[in-house]
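Only one structure is covered here, and it is reproduced in the block below.
Only the coordinates and a few stated rules stand behind these numbers; no lab work does. Note that the structure is a prediction, hence the values are computed from the model and not measured. All Cβ positions, glycine included, derive from the backbone under ideal geometry; neighbour counts span all protein chains shown.
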């Protein structure tokens, strides 16, 4: 990538990584958010990459394409792809692009997955219908107060986990319109523990 500044090289690598995982180009806003820069700065870098014939693009959203094939490179630290499940519970054809470097702890991407929320049981906690939940696969170290993904009447819902005694747990919503569920820990399927929310894909 001769002739590129460090920032241009990083943006070009980000575009390629994003396209590898999401099967579409990032928007200018997604690039700006990732690098914590203004959209006007992104436009300037994209124009430079066009002049140097590394990308082509039009005025349409997600129109960026790479002009030159690139060698497979290791993604930046924290950037990973994880399985993504849509509203119907079916695994999507594309994986979900997630930057785990925003988390305080280093997480193994093999233990993560993403689900699109299909109800408003945690509305008061700021988790809305249609949001994408980033979850760690369930293990036995769930703590009181953790928000977990559980199967309730055939649907996947987020609930707050509380252990009442050795055998009984409460799965509490944050919405007054949804009833709390008290049951034996053997009678409920906990799929994962929430670590983050994204509002758009």
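Answer rounded, prolate or oblate for region 6-66, using the Cα gyration tensor with square roots of eigenvalues a ≥ b ≥ c: rounded when a/c is under 1.5, else prolate when a/b is larger than b/c, else oblate.
Verdict is rounded for region 6-66.
Order the peptides 176-182, 156-162 from the highest to the lowest mean number of other Cβ atoms within 10 Å of their residues.
Highest to lowest by the protection proxy: 156-162, 176-182.
Can you order the peptides 53-59, 142-148 by their average number of other Cβ atoms within 10 Å per residue, highest first?
Details: 53-59: 13.6, 142-148: 15.1.
In descending order of packing, they fall as 142-148, 53-59.
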